[in-house]
Every structure is written in structure tokens, then in C-alpha cells.
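These notes are about the structure you will find just below.
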Amino acid sequence: MRSNLASTKIITQLTSWQQVSLIALRTLIGWHFLYEGYYKVALPGWSADGKPLGPWTSAGYLKAASGPFAPLAAWLVSSGAVRWVDPAIKIALIAVGLSLMLGIATRIGCIAALALLSLFYLVAIPLSGSQVAGSEGAYLIVNKTLIEAAAIFVLLTFSTGEIAGFDRIFAGRRTRPPVKEVVEVPR
């Protein structure tokens, strides 16, 4: 972990546009995580023919797993662990989204985002190079999940919580010198 002095030096070397760009990227990715979590909490899952299936579940995604974590995904479904995986994913998505959007515990939010995105990617690495039914594009190795993970890594590297957000406010309180009480001693 880099020192506050080194981090502050890097931030002060960034132009205003660079800082705004990083905060915009963090906010947009935060919105994406928050909305994905909200969607999974508030809205039902849907069948291919457009009928509601009930509450969202990761079971379909895990059953279709083809990446190196496919055996783990199959075990999660067969063991019934999806019952605790689903709420954990919803909570994690919402927490990461709020962290990134508001700049609260941004470093932890970025690390959690990288962990989630890594898991999602390793469950289903796109290796076919053709369009998958229901997707809007054709992917070969590089997909939206991998690109978003790279963007999160950039945000983590630049300590964007120190540029704007609650982390900056809290950092200002920590770096102020303590107020010393002056007590006059009678002579």
C-alpha cells in the first residue's frame, strides 16, 4: 500500500480533466454495479419466452459455466449453495456500487469489484468467438467483464477516493494536526 504522501503527489500531478475522467469512470462503473444488484433484488428472473420465473437466481449462469471455475459452479448448484450465493451476490453488487459511486472505502470497493468480476469471468471465459444467444455481441477472450475489470484496476491504481468522495473528506480529517490545548500554569 502506498503512503498518503506518495498518493497525494500522484493526484496533484493529474490535470483537472484527468481527475474528472477518473471520477466519471468510477461513478459509471459504480452505477453499473448498483443497478445490477438492484435489478437482482427488485425484479424477477425471466424465461427465454419472456415469462417471469420468480426471484433472480444465479443457477442458470452457473449451470452454463464453461471456464476454469465450471466445476465449482456445478458444485454450487448441485449442493444447493445457490441459496446463500444469490443473496451474497446481490449484497456485494449493491455495496460495491455504493462504494464506487459515493467514494466510500473506495480501495476496498475496487478490490471487491475486481474479485467479483474475476469470479464472473473465470466461470465463463468466452472462447467460442461467436455470438452467444441473447448477447449483443461476439466475444473471444475479451468481453465486457474483462474490460470492466481493467477499468477498475485503473481506478484502484489512481486512488480515486482521494480525488473526490467521502474518502477525501475522511482523509482530510485524519491528516489535520491534532489541536493542542494550551493550559496556563499559575506562577
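Structure data summary
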quantity	calculated
Qualifying residue in the range 103-119 (condition: modelled with pLDDT of 90 or more and loosely packed, with under 12 Cβ neighbours inside 10 Å)	no
The range 152-167 - residue that is surrounded by fewer than 17 Cβ atoms within 10 Å (Cβ to Cβ) and touching a residue at least 60 places away in the same chain (Cβ under 8 Å) and, of those, farthest from GLN18 (Cα to Cα)	PHE166
Condition met for LEU93 (over 30 Å from ALA24 (Cα atoms), touching a residue at least 60 places away in the same chain (Cβ under 8 Å) and outside any loop (DSSP other than H, G, I, E, B))	no
Spans of helices (runs of 4 or more DSSP H) in the range 1-66 with at least 3 residues modelled with pLDDT of 95 or more and aliphatic (A, V, I, L, M)	16-42
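The values are calculated or read from the model by the stated rules, or taken from the named source; none is laboratory data. Here the structure is a predicted model, which means the values were calculated and not measured. Note that we place each Cβ from the backbone using ideal geometry, even for glycine, and neighbour counts take in every protein chain shown.
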